[in-house]
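Just below is one structure, and these are the notes that go with it.
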Amino acid sequence: MYSIKVTFGRAVIIALLFLSSIRFPVFASDIQAMWVVRDYMTCPEYIDKALEFAAENNFNHIFAQVRGRGDAYYKSDIVSQSDIVKSDFDPLDYILRQSKRFNIKVHAWINVYYLWSASRMPTQDNHILKTHPQWLDTKESQYVNVKKMLSTMNRSRVPNGEGFFLAPTHPDVEKYLLNIITEIVRKYPIDGLHFDYIRYHDFEYGFNPEGMKVFKGEYQSLAQTTYSVIREKPSWGDFRRNRITRFIEKARNIIRIYSSDIVISAAVKPNIYLARNRYGQEWDLWLSAGYIDWALPMNYAIKKDDFDLNLRVIQDNLPKKYHKKIIMGISTYNQSARSAGKKVLYARKLNFPNICVFSYSTFQEKPVYWTLLKRYFK
């Protein structure tokens, strides 16, 4: 089992108490950012090209993916290195050093609970899917049979949706992930730590057997209740949300031990109600409590009405003082440059001026796309 290997000396404890008693408002101002997926984090040439593109086109923040499918694009004693990165190369270290030349802020982007999406086993022997399958989340009242599920996924992806997720309700998962965060912020001078897939797979998930022991320990009156009934209880929704919010709070406290300057952010579902009730992602609370500094709603809707609805829900439910901490995520992979550009203008019209584009990949695969889109950023 993994445990947090952080020794708190007297000075650190005093510092933590001090930090917990004050607020560090980190407001976004004139942010033009882009997500850079792990495919472009595999070698110096790709990273150099991404940084040069960012600098030439006024992108001042990059969310660089360094944890994709339970693997590392950095040097780790905890996480298995990606099998598409040479063993002697450290992508995170490289992009941090090179970004100084361009005055670009680099946020280490990690997929938190999302673990694996392929229909075959990982190649690394120490990958968590192989070593700790009991940590996987499930919509059944039993542990996941990984080999059986992979065989099913070879025929159809539908039964397992996006793939395998770690269980937010499992205590050892929380310890493991906090250990990962500790290692990154201790070893690397990052400008920000960016949480993605900080949510449940979907509404029906959360029934990891070990996590259910925790739930029934907290709600003993429901200890003998069937799973179908538990799903409908308000206490079940509270429990699901609380496990992720508790993780976010603990992660924030660890990060602040090492730095008060690291920007803590999360990529979130854009509709606050859907995020909260379906995915256990109460990101409006995370912002108001100071657990995260920025929220990046992934407002990837193609239709303008859907895009607008997500913006209006944020406006109506999030106090205006927190609007400065919103970086609006706009997609390029599923719509034309003109459609994406109009959404940039519309978001700014509604006083959400800070934009993050998903993703840099589109600009590499379709160079003309940015030529058409960039006019909307002037």
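The values are calculated or read from the model by the stated rules, or taken from the named source; none is laboratory data. This is a predicted model, so every value here is computed, not measured. A quick note on method: Cβ atoms are made from the backbone with ideal geometry, for glycine too, and the neighbour counts reach across all protein chains shown.
Among the candidates Thr169, Thr226, Thr152, Thr131, which residue alone is hydroxyl-bearing (Ser, Thr, Tyr) and surrounded by 17 or more Cβ atoms within 10 Å (Cβ to Cβ)?
On the way: Thr226 fails: surrounded by 17 or more Cβ atoms within 10 Å (Cβ to Cβ); Thr152 fails: surrounded by 17 or more Cβ atoms within 10 Å (Cβ to Cβ); Thr131 fails: surrounded by 17 or more Cβ atoms within 10 Å (Cβ to Cβ).
The unique qualifying residue is Thr169.
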| query | Quick one: is Ser260 under 23 Å from Leu96 (Cα atoms), among the hydroxyl-bearing types (Ser, Thr, Tyr) and surrounded by fewer than 22 Cβ atoms within 10 Å (Cβ to Cβ)? | reply | yes
| With the stretch 72-157 as the region, which helices (runs of 4 or more DSSP H) entirely inside it contain at least 2 residues that are under 22 Å from Lys187 (Cβ atoms)? | 91-99
| Residues being outside any helix (DSSP H, G or I) and farther than 30 Å from Gln142 by Cβ - total across the stretch 172-212 | 7
| request: Could you check, for the stretch 305-326, whether at least one of its residues is at pLDDT 95 or above and farther than 16 Å from Ile272 by Cα? | output: yes
| Listed residues Gln65, Gln98, Gln134; which is within 30 Å of Ser235 (Cα to Cα) and in contact (Cβ under 8 Å) with a residue 24 or more places away in the chain? | Gln134
| Test set (1) touching a residue at least 60 places away in the same chain (Cβ under 8 Å); (2) touching a strand residue (DSSP E or B) at 6+ places or on another chain (Cβ under 7 Å) - Lys324 fails condition number | (2)
| message | Would you confirm whether or not the stretch 35-43 contains a residue that is within 27 Å of Phe377 (Cα to Cα) and assigned to a strand (DSSP E or B)? | response | yes
| task | Examine the stretch 225-233 for a residue that is of a type in the set (S, T, N, Q) and at pLDDT 95 or above, and state whether such a residue exists. | result | no
| message | Tally up the residues in the stretch 250-265 that are touching a Lys or Arg at 6+ places or on another chain (Cβ under 8 Å) and in a helix (DSSP H, G or I), please. | response | 1
| request: Scan the stretch 97-121 residue by residue and report those that are of a type outside the set (Ser, Thr, Tyr) and surrounded by fewer than 19 Cβ atoms within 10 Å (Cβ to Cβ). | output: Arg97, Gln98, Lys100, Arg101, Phe102, Asn103, Lys105, Ala118, Arg120, Met121
| said: Restricting to the stretch 266-286, count the residues that are in a helix (DSSP H, G or I) and either β-branched (Val, Ile, Thr) or touching a residue at least 60 places away in the same chain (Cβ under 8 Å) (or both). | reply: 5
| message | Every residue in the stretch 338-378 that is within 19 Å of Asn58 (Cβ to Cβ), without any contact (Cβ under 8 Å) to a residue 24 or more places away in the chain and within 26 Å of the chain's Cα centre (by Cα), please. | response | Arg348
| task | Would you point out the residue of the stretch 191-223, among those that are in contact with a Gly (Cβ under 8 Å, 6 or more places away or on another chain) and surrounded by 19 or more Cβ atoms within 10 Å (Cβ to Cβ), that is farthest from Trp35 (Cα to Cα)? | result | Gly206
